[in-house]
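Everything on this sheet refers to the single structure shown next.
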Amino acid sequence: MRWLRRNLVVIFGLGTLAYMILPNVVVTVFSFNNPAGRFNYAWQEFSLDAWKDPCGVADLCGSLSLSLQIAVWATLGATVLGTAIAFALVRYRFRARGAVNSLIFLPMAMPEIVMAASLLALFLNMGIQLGFWTILIAHVMFCLSFVVAAVKARVLSMDPRLEEAARDLYAGPVQTFVRVTLPIAAPGIAAGALLSFALSFDDFIITNFNSGNTVTFPMFVWGSAQRGTPVQINVIGTAMFVIAVLVVLVGQMVGNRRKNAQPK
């Protein structure tokens, strides 16, 4: 019992981690399956056929490419706008600042289906044709709040004396921002960008409302589930999971090296 009390937090932590990783493990295992029918829900036999031809299913790689394009552009747009908004909310005082600060986080609390229906009504009333650009606008809008939250938290923790010291050493506003402010805020900006990319890439509800005839990868997966789930979907999911893990590990390694390189 003493051992259990001492390691209770560790046990719960490992259990939570296993609970989170288990779906990814199942997806990875079934990416090597050779199903007997149209649905990849029961294990039959080991096969590398899907890995050898990940684009073997019609329109799969096309929808994947479209989702990646939208995610990249949405990430760039949300990161630039969100970073500017975060600095404005922290560094400047203006009228209705409190209201803006509250409204900017409204998309995080609002159900996705409400935002999706609102955007659809807006686009239809404005006569905008649904497609790539409406999806992109919608994705930038709901990703913006997450970038602002990540960058704002980082900016609030910054020591203003560092920027004051740079100005005392005759650094101009641009040089101070590039050499001092931006490197300090970079972890928050990177966190917001990665979160935006992940949210945009796998969004379904808002995309489904505002896509028109455009089919993204999540919509392709949903449509395939109605008539049969090809193994290639598991292959793409596994590849994306591995890439995400590698990005996190590389970021951790770079961060640890920078900490170790700093003089003590």
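The values are calculated or read from the model by the stated rules, or taken from the named source; none is laboratory data. Quick caveat, the model's predicted, so the values are computed rather than measured. Reconstructed Cβ throughout: ideal geometry from the backbone, glycine too, with neighbour counts over all protein chains shown. We work out accessible area using only protein heavy atoms, side chains counted, and drop any ligands, DNA or RNA first. Shrake-Rupley method; radii C 1.70, N 1.55, O 1.52, S 1.80 Å.
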- Item | the chain, dipole about Cα centre (Lys/Arg Cβ +1, Asp/Glu Cβ -1), debye to the nearest 20 | 1240
- Show that you can apply the helix-only estimate: for the chain, add -39,500 (n - 2.57) for every DSSP H stretch of four or more residues, divide by all residues, and state [θ] at 222 nm to the nearest 500. -24000 deg cm²/dmol
- Of segment 52-84, those with amide N under 20 Å from the point 7 Å along the Cα→Cβ vector of Phe204 are 57-71
- Taking Rh as the Kirkwood radius computed over alpha-carbon pairs of segment 75-150 and applying Stokes-Einstein at 25 °C with viscosity 0.890 mPa s, one gets a diffusion coefficient in µm² s⁻¹ of 183
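Determine the relative contact order of segment 156-264: mean sequence separation of Cα pairs under 8 Å and six or more apart, normalised by residue count, in whole percent. Numbers along the way, then the final one.
On the way: 20 pairs, mean separation 14.3, N = 109.
Over segment 156-264, the number comes to 13 percent.
Write out the chymotrypsin sites (Phe, Trp or Tyr not before Pro) in segment 148-228 meeting two conditions: DSSP loop, and at most 14 other Cβ atoms within 10 Å of their Cβ. Can you show the working numbers first?
Values: sites: Tyr170, Phe177, Phe197, Phe201, Phe204, Phe209, Phe220, Trp222; in loops: Tyr170, Phe204.
Counting only loop positions with at most 14 other Cβ atoms within 10 Å, the chymotrypsin sites (Phe, Trp or Tyr not before Pro) in segment 148-228 are Tyr170.
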- Hz values of 3J(HN,Hα) by residue in segment 111-126 - Karplus curve (6.51, -1.76, 1.60), Gly and Pro given as x: x, 4, 5, 5, 5, 4, 5, 5, 5, 4, 4, 4, 5, 5, 5, 8
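For segment 1-144, what is the relative contact order in percent, using Cα pairs closer than 8 Å and at least 6 residues apart in sequence? Spell out each step's value before the answer.
Working: 64 pairs, mean separation 27.9, N = 144.
In percent, rounded to a whole number, it is 19.
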- In Å and from the alpha-carbon atoms only, list the Rg and Dmax of the chain. 22.7, 72
- Met240 accessible area, nearest 10 Å², 1.4 Å probe? 50
- Note on the structure: For the chain, cysteines with no other Cys Cβ under 4.7 Å from their own Cβ are listed as Cys143
- The farthest towards the positive end of the charge dipole of segment 58-229, of the residues Ala191, Val178, Asn208, given +1 on Cβ of Lys and Arg and -1 on Cβ of Asp and Glu, is Val178
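Taking the mean number of other Cβ atoms within 10 Å as a proxy for protection, how do you rank 139-152, 51-64 from highest to lowest? Can you show the working numbers first?
On the way: 139-152: 23.8, 51-64: 15.3.
Highest to lowest by the protection proxy: 139-152, 51-64.
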- Amide H neighbours of Asn33 under 5 Å, counting only residues 5+ apart in sequence or on other chains, H built in-plane at 1.01 Å? Ser47
- Message: Take Ile128 and Trp3, extend 7 Å from each Cα along the Cα→Cβ direction, and tell me the distance between the two endpoints in nm.
- Response: 6.1
- Query: Once phi is turned into ³J(HN,Hα) by the Karplus curve 6.51 cos²θ - 1.76 cosθ + 1.60 with θ = phi - 60°, what whole-Hz value does each residue of segment 66-71 show in order, with x for glycine and proline?
  - Reply: 5, 4, 5, 4, 5, 5
- Query: How long is the gain from Ala96 to Ser65 if the chain were fully straight, where each residue apart is worth 0.36 nm and the alpha carbon distance is subtracted?
  - Reply: 7.1 nm
